[in-house]
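First up is the structure itself, then whatever we jot down about it.
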Amino acid sequence: MLYRKSPLNYIGGKYKQLPKIMHFFPKKINIMYDLFAGGCDVCTNIAANSIYANDINFFVIDIYRAFQNLTIHELLNSIDGIISQWNLSMNNENAYISFRKHYNSVPVEERNPIELYVLVCYSFNYQFRFNNNREFNNPFGRSRSSFNSKMRENLIHFHSKLTDIHFLSENFHDIDLNFLRTGDFLYADPPYRITTASYNDGRRGFKGWTLEDDLFLFELLDRLDRQGVKFALSNVTEHKGDRNEELMKWKQKYHTHRINYNYNNSNYQAKNTELITREVLITNY
Ligand SMILES: C[S@@+](CC[C@H](N)C(=O)[O-])C[C@H]1O[C@@H](n2cnc3c(N)ncnc32)[C@H](O)[C@@H]1O
């Protein structure tokens, strides 16, 4: 099967690993629930009768909702209009800075999510980075980031997949999943506690992903298991000498599939566990 990359190039996006993880997904799915959807690489590449996608990052979810409200022609016209209005290009840093200033000058509730999408397209590593005042503060992606033809192509495909997705932007602690039943499937790709990826999403006091979050998630997945719902959890058990002991203990009652065992140094010695990252997929079926 041909998988398509999300036009957000989201940090932590699962595109490269789709063939590996989807190999272990159920073949027939009634409701698919993507609890930490991020760039939506997973939920836009899956077949199900209906799809829910949640992420606490409301800036990202607002972009998907804005995409849904436009036809693909309207969306591309809007993006092209913004790019030419602000004279954005891979090398025009001044244009990027002026555009970012404009975006941040608008009150948060009135900001245009399509403008944010375009801003991200020209920013460093396509990251959604906000400071505590909810100002977008990612630097310019000089010579590297732009809304190029590949992203346009990915966007066209992505847009066609969004039509029937129900989007939510909630803290996963607050979501009611009691309606899920046998035949439904939940995919969880949370931040990995022992790796360093940061999701600075502009919420004041955001502390990152904690042990309490991990434990809450394990309980939630146990509950789904009792409800007869299938789940798959992506995570990292070991990273450069750190181990997620709680995860390693909890996962023993389920099935663990190796996804990626990386050696973080090309001159690795097989025995040097300091350099290893072990990424796994845990399923209850
Ligand atoms: C590893 S990324 C998911 C990437 C996604 N699978 C993809 O392919 O793009 C983890 C996501 O969890 C979200 N997140 C972090 N804390 C959360 C919470 N408490 N509730 C819901 N989502 C959360 C982050 O905003 C981030 O987008």
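Please enumerate the residues belonging to region 193-238 that are in a loop (DSSP other than H, G, I, E, B), at pLDDT 95 or above and small (Gly, Ala, Ser).
Within region 193-238, Gly228 is the sole residue that qualifies.
Being outside any helix (DSSP H, G or I), at pLDDT 95 or above and surrounded by fewer than 13 Cβ atoms within 10 Å (Cβ to Cβ) is the filter here, so list the residues in region 145-164 that pass it.
Asn148, the sole residue that qualifies.
Do you know which of the residues in region 63-82 that are touching a Ser or Thr at 6+ places or on another chain (Cβ under 8 Å) and either of a type in the set (A, V, I, L, M) or not assigned by TED's automatic domain parsing to the domain that holds Glu110 (or both) is farthest from Phe158 (Cα to Cα)?
Among those residues, the one meeting the criterion is Leu70.
Among the residues of region 82-136, which ones are in contact (Cβ under 8 Å) with a residue 40 or more places away in the chain and among the aliphatic types (A, V, I, L, M)?
Selection gives Ile83, Leu88, Met90, Ile97, Ile114, Leu116, Val120.
Listed residues Glu109, Glu74, Glu93; which is surrounded by fewer than 18 Cβ atoms within 10 Å (Cβ to Cβ), modelled with pLDDT under 95 and of a type in the set (Asp, Glu)?
Of Glu109, Glu74, Glu93, the one residue that is surrounded by fewer than 18 Cβ atoms within 10 Å (Cβ to Cβ), modelled with pLDDT under 95 and of a type in the set (Asp, Glu) is Glu109.
Filter region 216-260 down to the residues that are of a type outside the set (Lys, Arg), away from the ligand (no atom under 16 Å from the Cβ), in contact (Cβ under 8 Å) with a residue 12 or more places away in the chain and on the phi < 0 side of the Ramachandran plot and list them by number.
Answer for region 216-260, where residues must be of a type outside the set (Lys, Arg), away from the ligand (no atom under 16 Å from the Cβ), in contact (Cβ under 8 Å) with a residue 12 or more places away in the chain and on the phi < 0 side of the Ramachandran plot: Asp225, Gln227, Val229, Glu238, Asp242, Glu246, Trp250, Tyr254, His255, Thr256, His257.
Tell me, which helices (runs of 4 or more DSSP H) lie completely within region 28-107 with 2 or more residues that are in contact with a strand residue (DSSP E or B) (Cβ under 6 Å, 6 or more places away or on another chain), within 15 Å of the ligand (Cβ to nearest atom) and not charged (D, E, K, R)?
Helices (runs of 4 or more DSSP H) meeting the threshold: 58-68.
The values are calculated or read from the model by the stated rules, or taken from the named source; none is laboratory data. On a predicted model such as this, the values are computed, not experimentally measured, just so you know. Glycine also receives a Cβ, built like all others from the backbone with ideal geometry; neighbour counts cover every protein chain displayed.
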